[in-house]
Structure formats: structure tokens, C-alpha cells
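What follows is a set of notes on a single structure, which appears directly below.
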Amino acid sequence: MTTSPILSTENLTVRFGGHVAVDAVTCDFSAGELTAIVGPNGAGKTTYFNLISGQIPASAGRVFLKGRDIGGMSVSARTRAGIGRAFQLTNLFPNLSVLENVRLVVQAKSGRSFNLWSMVSRHQDLTDQAEAILRRVRLLEQRHQVVSELSHGNQRKLEVALLIALDPAVYMFDEPTAGMSVDEAPVVLDLIEELKDQRDRTILLVEHKMDVIRTLADRIIVLHNGALAADGPPAEVMASDVVQEAYMGRGLEGVLADV
Amino acid sequence: MIRSLLSGDTPRSLPLALLLGGILICLALAPFLFPGVRTVDTAARICVFIVLVASYDLLLGYGGIVSFAHTMFFGIGAYGVALASTHMGRGFDAIAFGAVAGALLAAALALVIGLFSLRVRAIFFAMITLAVASAVAVLVSQLSGLTGGEDGLTFKTPRELGPAFKFGKEAFDGTLFGVKLNGKLLAYYFVFLGALVLFLGLLRVVNSPFGRVLQAIRENDFRAEAIGYRVVYYRVAATCLSAAIAALAGSLYAVWLRYVGPDTSLSMEIMIDILLMVVIGGMGTMYGAVIGATLFVLAQNYLQNLMGAAAELTSALPLLPELLNADRWLLWLGVLFILSVYFFPTGIVGRLRNSG
């Protein structure tokens, strides 16, 4: 690809004691591209995400967003710069309502959060935006429910809703449909497809389900023992020798079927 | 109108609304409903502690930050008014200057403590506040030339707030419903209205966009960061605001007592009382402060009398009068506290809201 990448990592590495969890991963991600990140459990996928969004400091290597080195920035600064993340384990504000959860994200972007004197109810525009997003993820009816009382599937949807409310340049989904029922998962997958069709967002997706990867991914990267084992179009990667070898002849699908 | 005064945060439960309304009416009319030096003094104490506890709840219940320096900020406000009144002479200008200076100093101190410790971890903050509060308490008792040491400072408030000041002689013959119209009455309303304004202000803050961010941080600071909030800034801002309001509550208390000393405004005992009041009333709701402070101060002042009376009534029975002996009131206060935490883990307000 000739366009300059939105996000890139350069020799990105993290060690925990003697264990190298992410090993010198160099990779570029362009706008409008959906990259699936695959690999067996413990391959370093979520850790790689943590390094990009800033939850864990890197031991070595650098992360660039739109050409700017963001390695020294805090999580919140990276978020404001354009890196948004939905978490693998649901990570919400449990005792606030569904609407309040999304409104907090909308409010964070509005720059009105140091307003100490006006009532929240006066900011109807923020509520309207939050409700529009809840309609998209089919959670509008549950908007007044407290999050901790929500079903697992609906919590997963809300997790995605928060990311959509943030609308960052880089979307990072960490197994967005994990634990969702067969009829709930399509809502989330359709949303990701919608984002992809906008063609101006960079999407990173950690996913185990092969059918999802096949329909959505423009590109697959394979992490194995923390290192980048393969990178390319889906068909090519799935057939590649590296992958076949890395997984001891069982092939990618065989390994993924186990997890 | 009422909704707007309460910042849209209505009690949402009929028993709670009735209880709060009852407390408001009793406090508003305390000098007329319960005339007497001791009762009015208790009412003024309740007013001050409602604000003090509410400001602590902004920190603990909304921000999820544990602080042990709240009485220090309370004391800074109280000593501010006392020192200003001593050195500038009695007058409302001295009160205003002392209160504002105390609030600013409290906020500045909170800013320094917050920036140093909230960056790291919230638990670190609790330990630093404990250390600073102890240091300040020692300092105040040692600098006796300035602060009066352990004896504290007695000072003069404006004449209009003293018992010697009489008014309404022509119109009401100096009394209204049998209550003498004097400066002490005005002083009570000074404290009551000051507390009311501060409380409604706090209610506004917790229902503002800023208040929502604090709740989000309390719920999940990790995610609050990940949706773009600089968590430290909000925590520090909440700490400063809470410190300033506590200082203003201290100023009100000093005006009422016309005295400051380590026991009335700085001691660790008051800090523990505040914690108990927050927990009994209910954390994370400003109305919890009203209920917690009212119940606790009433119990502190009247449980002893009540038990004395009960001991006399049961004097014919074995064991009971011993148990109910007025000297054992602290024991029963402790029992009441344990029971209230056991039966109302979300505080009285949480309990009333859930059942209603």
C-alpha cells in the first residue's frame, strides 16, 4: 500500500521478567483497512493491543499514530489522539445506567467535563447523541437499566457502543463477540462491517472465529510466541508455509478450532 | 423550581422525601420549635456537619477517594475566621476574609497533596493525608503564640451576631412566639442559610457533567482513562473543591461557637465521626449526609439523656438499669453503628430509595 499508514509499530517489544510476550513486532496499518490479528492463546495478541493503547509500557520499540511517536503518552492522551479500544473482558461502569455509560464517552469528547455548575439534564444534545448510538447497537430500550443487571450479550454490545461513541481513527476490538449467543453476535459484526464500509477508519480485530475473519478481514497478521509469524491477504496467510510450520502442520484453522 | 434547586436530584422515595422535609423544617425553625441554648446549639452543629459530611461524600462517595485530612481543612476554615477576627477586629469583613482565605489555603494544600499522591495510587493519598493532618494538628498545638495551642482561641464576632444585640423592640416587643429576638438568633440563621447554600451548591456539583465523571472514575478508573479522561485532574479538582467546602463549614462553625480549638475542629475523633456519618447516611448520595449527620449529632447529644431516663424507668428490674446506665452511651452508639451497617449496607438513603 502506498498511502502512509495511520498506525504503525516498530520493533515493539515487551518483556515480563525473562518472558518475551511481544517480540519486535513491526507492522503498519492503513486507513480503511480491517486487519484481523490471530494466533493461539498466549500468543501476545491482547498484550500487543495493550502496548498500542498504552495500558502497558513497551520495553523497546515505538508506536506511531499518524507519524507521531505516541510511546510516551498516557492511555487517556492516546485515546484523545485517536486510539479507541473495546476490551476482551467487559470493562464498563457497572453501577451507572446504560445511557450514562455512553453519555460519559460523548461528554468526554465534548470538552464540557469540567463544567461543575450546569445540570446534566441541561445537556440534551449529549443525551441525544448517546441515544442515537444505543439505537444502533439495539440497546435503546435498556437505556435506563443499570449495567450490572444487563445480560452478558448486552454488556458486550455496550462495550462496542462505547467504542463507537468514541469514534476514534483507530478502532481496536478484542474478541468483540466472545461469549455472545448466535443471534446476538450479528448485531456487533454488522456494526463492524458498517465501520469498515466507511473506508476511513483503521480497524484492528482480535478474533478466533474463522467465518468472521473470512467475511470481514482485508488482511490477517499471525502472532506466534509474541512474534509476527505471517502477514498478508486472508487466503494467502491461511495457506502459507510459515503458518503451516508454526502450527506444526495442523494449519491455522486446526489451531483456531481448538481455542 | 424545587427540581432546579435540587439540581434534578430529587429524593425519589416518599419516606426519604418526608424525612428530609422534616429535617429541613426542624432546622429552619429550630429556635422557635425547640427553644433552649442546648437544642439550638445542637441544631447549628447539625447544619455545620451536614455540609462537612456532604463535602466528604463528594470525595469518598463520588470520587472514591479516602482522605483523613478532612478535619484539617475544616480546622483551617475555623482558624481562618478566628485569626482574622482576632487581628482585624470583630466585623463581617473579618469573617468574610477569614473564610475566603481559609478556603483558598485549604484548596491550595489539597492541590499540593493531590498532585503529589493521586498520581500514584488512591491509597497513597489516604496515607499522605493522615500524615499531613497529624503534622498540622501538632503544629497548631505547638504554635501557641498564634493559635492559642491546646486552649484554642476565643474571639469576638460582629455585635449583630451576639446575644447582647436586641432588635424588633418596637414592632414585636423584642420577642416572636416567645423567642427573644437577639443576635444569637441571627447567628443561628447565618449558620443555617450558609449551610443550606453550600449544600445546594454541592448537590449541583455532583449532578453536573463533572460529577458524572467523578462517578465514572469511582466505578472504573481504568476505563475512564481509556475513554479519554485525565483521571488525576478530576481527582485533584474534587479534592480541592471538597477541601474548600469543608473549610467554609469550619468557618460557619467558628462563627457559631466564637471559639476555635483543636478539640472542636481538628481532632481525629471528628474525622472518625465524619466517616461514620457518611456510612450511616449512605455513600454516594448527598442526602445521606443530611440523614447521617442529623442522626449522629442527635445521638451524640441526647443518647446519654435518653439512656439515663430509660435506666430510671427500669430501675426496679435486674441488670437492665446497669446496661442502660448513661455512662455506657458510647457502647450503645457503637452497637447502633454496627447494626446500621449490618442492616443498611448502602446506608439509610440507599435503603429507603430501594424500598420506595
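Each reported figure results from applying straightforward, stated rules to the coordinates on display, with no laboratory input. Predicted, not measured: the structure shown is a model, and the values here were computed from it. Every residue, glycine among them, receives a Cβ derived from its backbone with ideal geometry; neighbour counts consider all protein chains shown.
Observations on the structure shown:
- For the residues B:I245, B:I291, B:I338, a GNM of chain B with alpha-carbon springs under 10 Å puts the largest fluctuation on B:I338.
- Exposure proxy ranking for B:C26, B:C47, based on other Cβ atoms within 10 angstrom of each Cβ and starting from the fewest, stands as B:C26, B:C47.
- Between A:T26 and A:V182, the C-beta separation translates, for a Förster distance of 41 Å, into a calculated FRET efficiency of about 0.65.
- Residue order, fewest to most surrounding Cβ atoms within 10 angstrom, among B:F124, A:F29, A:F64, A:F93: B:F124, A:F64, A:F29, A:F93
- Under the convention that each Lys and Arg Cβ holds +1 and each Asp and Glu Cβ holds -1, the size of the dipole of the range B:2-355 around its Cα centre is about 820 debye.
- Most mobile of A:P176, A:P40, A:P94 in a GNM of chain A (Cα contacts under 10 Å): A:P94
- A helix-only calculation puts the protein assembly as shown at -18000 deg cm²/dmol for mean residue ellipticity at 222 nm, using -39500 (n - 2.57) for each DSSP H run of at least four residues, averaged over all residues.
- Counting Cβ atoms of other protein chains within 10 Å of each Cβ in B:211-224 and taking the mean gives 6.
- Shape call, the range A:65-182: gyration tensor on alpha carbons, a/c limit 1.5: oblate
- HN-Hα J in Hz across the range B:22-39 - Karplus 6.51, -1.76, 1.60, θ = phi - 60°, x for Gly and Pro: x, 4, 4, 5, 4, 6, 5, 10, 3, x, 8, 6, 10, x, x, 4, 6, 5
- Placing pseudo-labels 7 Å out from each Cα toward the beta carbon at B:L146 and A:L116 gives an inter-label distance of 2.6 nm.
- Peptide A:96-105, shielding by other chains (average Cβ, 10 Å cutoff): 4
- Global geometry of the range B:152-228, whether rounded, prolate or oblate, following the gyration tensor of its Cα atoms and the 1.5 cut on a/c: prolate
- Per residue of peptide B:85-93, the mean number of Cβ atoms on other chains within 10 Å of the residue Cβ is 0.
- Here A:M73, A:M238 are placed in order of increasing Cβ neighbour count within 10 Å, fewest first, which gives A:M73, A:M238.
- Among B:Y229, B:L276, B:L248 the positive-end extreme of the charge dipole of the range B:189-280 (Cβ point charges): B:Y229
- Distance from the alpha carbon centroid of the range B:137-180 to that of the range B:295-313 works out to 28 angstrom.
- Annotation: lysines with alpha-carbon distance below 23 angstrom to B:K156 (same-chain offsets under eight excluded): B:K166, B:K180, B:K184.
- Straight-line reach from A:K109: taking Cα to Cα under 20 Å and skipping same-chain neighbours fewer than 8 places apart, the lysines in range are A:K66.
- You can think of it this way: the chain between B:Y233 and B:I272 has 11.3 nm of extra reach, that is 0.36 nm per residue less the Cα-Cα gap.
- Peptides A:185-193, B:321-329, B:308-316 ranked from most to least packed give A:185-193, B:321-329, B:308-316, packing being the mean of other C-beta atoms within 10 angstrom over each peptide's residues.
- Radius 14 Å from Cβ of B:L59, net charge of other residues (Lys, Arg +1; Asp, Glu -1): +1
- Whether the range B:2-355 is rounded, prolate or oblate, judged on the alpha carbon gyration tensor where a/c under 1.5 counts as rounded: rounded
- Seen from B:I227, the other residues with C-beta closer than 15 Å to its C-beta sum to a net charge of +4, counting Lys and Arg as +1 and Asp and Glu as -1.
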